[in-house]
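Each remark here refers to the structure printed beneath this line.
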Amino acid sequence: MPVQTTTPKSTGTPRRHSARPSQQQDRAWQRMLSGRRLDLLDPSPIDVEIVDIAHGLARVSRWNGQTKGIYPLSVAQHSVVVERLVSRNAPKLDRRWRLAALLHDAPEYVIGDMITPFKYALGGIYRDIEERLSAAVHIRFSLPATLPEPVSRAIKRADRMAAWLEATQLAGFSEAEAAKILRRPRATPTNMRLRPVPPDQAADMFLKRFRLLGGDS
């Protein structure tokens, strides 16, 4: 992914970011199709647009593209599945927390999806960048920068359910193999079938759920 970098004149003030890959890189921004320029190291909510998120997530593959079917399973479609599972698990959950579930992987529209063990191998730098982007997305759509712990737990549970379904239906894992590396949450549905769709359709699904959940309000 091409990223433009600029280095402003020194102001004599300490650097603000612990996530910088080098001492010389003071700013790294990505031009979005909406025309926004999103600073990946210091993201501003003003530069976050839902059309950019939907477009990007629809073109980022889960499981590094190692899934069955004509189309890879996109992060946009995964996000819709997770929101559906959150709503199924907690039907009385406030609508804005369901919106948070839909946006749970939003940072990946600019930093991509990585398998969890690789994220841990990268350590604090990746997590710091991911958290900054997530906070900017949340603030842009009137959510708290940090979600309440019960909401985070509900989303993580649904995310693990989705991962189990994806692993056993699309990523080639037998249930026995999946059980060795994934925790299957109780009440994971057995009748939910996943079928990856083309990127444009995935983006449309994502945007429809976003609007239904009041993201435009």
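For the stretch 91-128, residues that are without any contact (Cβ under 8 Å) to a residue 60 or more places away in the chain, small (G, A, S) and within 26 Å of R36 (Cβ to Cβ) total 3. With respect to A145, determine if the residue is free of Cβ contacts under 8 Å to residues at least 24 places away in the same chain, closer than 18 Å to D42 by Cα and surrounded by 12 or more Cβ atoms within 10 Å (Cβ to Cβ). Answer is yes for this residue. Note on the stretch 97-117: among residues that are surrounded by fewer than 19 Cβ atoms within 10 Å (Cβ to Cβ) and part of a helix (DSSP H, G or I), the one that is modelled with the highest pLDDT is I111.
Being of a type in the set (V, I, T) and either part of a loop (DSSP other than H, G, I, E, B) or within 29 Å of H55 (Cα to Cα) (or both), is that true of even one residue in the stretch 170-183? Scanning the stretch 170-183, I find no residue that is of a type in the set (V, I, T) and either part of a loop (DSSP other than H, G, I, E, B) or within 29 Å of H55 (Cα to Cα) (or both), so the answer is no.
Determine if the stretch 138-159 includes at least one residue that is touching a strand residue (DSSP E or B) at 6+ places or on another chain (Cβ under 8 Å) and under 19 Å from Q30 (Cβ atoms). Within the stretch 138-159 (the criterion being touching a strand residue (DSSP E or B) at 6+ places or on another chain (Cβ under 8 Å) and under 19 Å from Q30 (Cβ atoms)), the answer is no, since none of the residues qualifies.
Only one of the numbered conditions (1) assigned to a loop (DSSP other than H, G, I, E, B); (2) modelled with pLDDT of 95 or more is violated by A162, and that is (1). The single condition from (1) of a type in the set (G, A, S); (2) surrounded by 22 or more Cβ atoms within 10 Å (Cβ to Cβ); (3) more than 11 Å from the chain's Cα centre (by Cα) that A90 fails is (2).
Taken over the stretch 43-93, the residue count meeting the criterion of being under 15 Å from D113 (Cα atoms) and not basic (K, R) is 21. Scanning the stretch 9-39 for residues that are in a loop (DSSP other than H, G, I, E, B), modelled with pLDDT of 95 or more and closer than 27 Å to F118 by Cα yields one hit, M32.
The values are calculated or read from the model by the stated rules, or taken from the named source; none is laboratory data. All values derive from a computational prediction rather than experimental measurement. Don't worry about glycine lacking a Cβ; one is built from the backbone with ideal geometry, like all the others, and counts go over all protein chains shown.
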